[in-house]
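J.: Before I ask anything, here is the structure I am working with.
Read-outs throughout are calculated quantities, based only on the coordinates presented, and are distinct from any laboratory measurement. Note that the structure is a prediction, hence the values are computed from the model and not measured. Backbone-built Cβ (ideal geometry, glycine too); neighbour counts: all protein chains shown.
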Amino acid sequence: MKTEHEPHWPSVLATLSIVGLYAALPDNLLIGPAWLPLGIALVCSVPIFFYHRKGKHGHAQSVSYLLLSVLTLFLVFSIALLISALPQHSIEPVQLLRSAVLLWVTNILIFANWYWRLDAGGPHIRAIKPEHVSGAFLFQPMMLDVHVKERLMLMTWKPLFVDYLYLSFNTSAAFSTTDTAPISRWAKILMIVQAGVSLTIITLLAARSVNIL
């Protein structure tokens with residue numbers, strides 16, 4: 001039986017967006033040159049593509065973890081630089097707002113990638129299973145009765161990247177989930193970290209705005 005693999009282009013597009021958003025930050029919020037994350041992403045894409053072609057999906061996943069970890073560190077360092085720059089008033093109000101929005105969106109894309117890659121063994125493992133019935137997150141289709149699933153044609157439902165993007169957006173915007181509950185401890189920890197990063201960005205922006213007024 002031939003398995004229909006989940007397309008990876010949404011994750012690739014999200015990764016390119018992350019490096020593009022990073023490059024759009026002001027120089028005083030960058031670690032190294034603006035093109036550095038893109039260069040790292042391109043270097044990592046070579047072994048990822050090679051391993052996928054050879055069917056070594058576990059190796060490709062490991063390199064993807066490495067790339068995502070590096071991009072996460074870039075995000076953390078940029079936020080730290082933003083925090084250190086605020087007392088010095090070295091960032092103009094418009095530039096501060098723009099930088100905060102860029103970092104907030106980057107936070108959403110990075111953690112969407114983490115959830116997508118870690119849940120239930122990753123996209124390749126999820127793809128070879130006939131149905132998604134267990135994982136780190138409890139999605140709504142997983143809670144439906146079998147007869148309801150049949151009626152809604154959800155018997156072979158599996159979460160795609162957009163499902164994790166939706167989860168990540170809600171975590172950053174509402175600091176909680178709406179229709180998806182974390183089950184595993186690592187998922188809860190990641191969501192705490194993501195919500196904490198989002199809250200830090202919003203709090204800093206609000207504090208600076210009050211100070212300006």
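J.: Angle check, please: helix 9-23 long axis (alpha carbons) against the longest principal axis of the chain (alpha carbons), in degrees 0 to 90, nearest 10.
T.: Between helix and principal axis, roughly 10 degrees.
J.: Also, quick follow-up: Between Ser176, Ser11, Ser134, find the one with the highest GNM mean-square fluctuation for the chain; connect C-alpha pairs within less than 10 Å.
T.: Most flexible of the set in this elastic network: Ser134.
J.: Angle between the Cα long axis of helix 161-174 and the longest principal axis of the chain, 0 to 90 degrees, nearest 10?
T.: For helix 161-174, the angle is close to 40 degrees.
J.: Find the all-direction average of the projected area of the Cα convex hull for the chain, expressing the result in square nanometres with one decimal place.
T.: Working: hull surface 52.6 nm².
The orientation-averaged projected area of the Cα hull of the chain comes to 13.1 nm².
J.: A follow-up question, please. Relative to the compact-globule scaling 2.2 N^0.38 Å, provide the ratio for the alpha-carbon radius of gyration of segment 1-86. Working shown, then result.
T.: Working: Rg = 15.4 Å, N = 86, 2.2 N^0.38 = 12.0 Å.
Taking N as the residue count of segment 1-86, the ratio is 1.29.
J.: Which of Val46, Val12, Tyr164 sits farthest toward the positive end of the charge dipole of the chain, with +1 on the Cβ of Lys and Arg and -1 on the Cβ of Asp and Glu?
T.: Sorting the options by dipole projection puts first Val46.
J.: Sticking with this one: For the chain, give the magnitude of the charge dipole about the Cα centre (Cβ charges: +1 Lys/Arg, -1 Asp/Glu; no others), in debye to the nearest 20.
T.: Values: 14 positive and 10 negative charges, 94 e Å.
Dipole of the chain, to the nearest 20 debye: 440 debye.
J.: Okay, moving on. If neighbour count is taken as other Cβ atoms inside 10 Å, put Lys158, Lys54 in order from fewest to most. Could you put the intermediate results ahead of the total?
T.: Details: Lys158 20, Lys54 10.
Sorted ascending by nearby Cβ count, the order is Lys54, Lys158.
J.: Next question. So for the chain, taking the charge dipole from beta-carbon charges (+1 Lys/Arg, -1 Asp/Glu), which of Leu81, Ala174, Leu144 sits furthest toward the positive end?
T.: Leu144
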